[in-house]
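See below for the structure under consideration.
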Amino acid sequence: EDAEIVPLVLLAGFGVASFHYRRLMRELLVRDGDSLAGGRLRIYALDYLGQGRSWPPGCDDGESPAEDGLGYSADTWVEQVEDFVAEVVLDGRGGRAHLLGNSVGGYLSAMLASRRPDLVESLTLVNATPVWGLNLPGWDGRLPAPFLPRVIGRAGFDLIRNPDVIDKYLDSAYVHRAAHDGSHPDSFHPPGHPDHDGVEAGRTLASRIRECTEGDGGHAAFASILFSPPASDRATGGPADFYATLRGLEADVLLLFGEEDEWCSPPVARRMHATLAGRGDGGGDGGEGGPATRYVSLGGCGHCPVHEAPGATAG
């Protein structure tokens, strides 16, 4: 029975969490036999450490024992996803999982597939970001933060979690405001299902994002993310180049890009596609034993098609 399971791991972007995938989960499972219990597809999602509901115990602005020496870095998140896939998703059964990552989730997906090709069957990169954070100088991101990074992180975090700023950010990330303002149900269970919570489903995405910032660890986590380095290249010990990482991937890759994304624009997507298409001997089409690459442009949506256009993403 386990051999027939198709495991799919959904990796979210920065500032959101697994809740950002509820609509896509629903779409995918309906297509997988119109059942939330049966079918072959098994969907997993997680909150990265320092995002959503995933936090060290007893956070105290970077000063607690659980936070001491902790860096909220790309390597931390890649290693967390690696452990999740190996220990929870595959659970020692062997085989590989399919990864789908939006925004920074796409970046993390590529890094994991490069490090552990034995865990990854395929990648779907949805408006993937080719960079990590700002990599500011003067500190490696390991808590507790020195004085100046602490001040910068606190000011920056309070700015980006301002409700008006979150709302403006979402308006720039989405083409259709109705996709994030509570107009459409945002729940795993569709309206009419016994477990559908109309009040919870009608919340705005901005309110969910803001809620994730209200604990005692957010300021320190944000400072750490700002200053921490990009994912490391295990072969060289230096920072991993995203496009070099793409060229070395062994798995099949599907690029899905909302064509009205103001940040990861169509030229960025085309560069990723050209990089991936040059892999192996098969010209990127899966022939001659090489990995396959496909690029699909999604019209009428921006940076987050997984939430703005879940039907098109699932299709």
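Table for the structure above
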{"read-out": "Residues of region 159-315: accessible area per residue with a 1.4 Å probe, Å²", "value": "46"}
{"read-out": "Portion, in percent, of the accessible area of the chain that falls on carbon or sulfur, probe 1.4 Å", "value": "51"}
{"read-out": "Rounded if a/c under 1.5, otherwise prolate or oblate - region 117-193, Cα gyration tensor axes", "value": "oblate"}
{"read-out": "Low-density loop cleavage sites - chymotrypsin sites (Phe, Trp or Tyr not before Pro) in region 211-315, where at most 16 other Cβ are within 10 Å (DSSP)", "value": "263"}
{"read-out": "Sites matching trypsin sites (Lys or Arg not before Pro) across region 217-315 that sit in DSSP coil, with at most 13 neighbouring C-beta atoms within 10 Å", "value": "234"}
{"read-out": "Amide H contacts under 5 Å for residue 252, placed H, 5+ residues apart", "value": "123, 292"}
{"read-out": "Amide H contacts under 5 Å for residue 11, placed H, 5+ residues apart", "value": "100, 101, 102"}
{"read-out": "By average C-beta atoms within 10 angstrom, highest first, the peptides 85-93, 51-59", "value": "51-59, 85-93"}
{"read-out": "Rounded if a/c under 1.5, otherwise prolate or oblate - region 13-135, Cα gyration tensor axes", "value": "prolate"}
{"read-out": "Long-range HN-HN contacts of residue 128 with modeled amide H, under 5 Å", "value": "103"}
{"read-out": "Sorted peptide list for 177-190, 11-24, criterion being average Cβ within 10 angstrom, highest first", "value": "11-24, 177-190"}
{"read-out": "Highest-first arrangement of 194-203, 131-140, where packing means the average Cβ count within 10 Å", "value": "131-140, 194-203"}
{"read-out": "Percent of alpha-carbon pairs separated by more than 33 Å within the chain", "value": "24"}
{"read-out": "Rounded accessible area per residue of region 20-144, 1.4 Å, Å²", "value": "41"}
{"read-out": "Size of charge dipole - region 90-205 - debye, nearest 20, with Cβ of Lys, Arg +1 and Asp, Glu -1, no other charges", "value": "540"}
{"read-out": "Whether region 151-273 is rounded, prolate or oblate, judged on the alpha carbon gyration tensor where a/c under 1.5 counts as rounded", "value": "oblate"}
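The values are calculated or read from the model by the stated rules, or taken from the named source; none is laboratory data. Source: prediction; values computed, not measured. For neighbour counting, all protein chains shown are included, and Cβ atoms are generated from backbone atoms with ideal geometry for every residue, glycine included. Heads up: the accessible areas ignore ligands, DNA and RNA and are worked out on the full protein's heavy atoms, side chains in. Shrake-Rupley method; radii C 1.70, N 1.55, O 1.52, S 1.80 Å.
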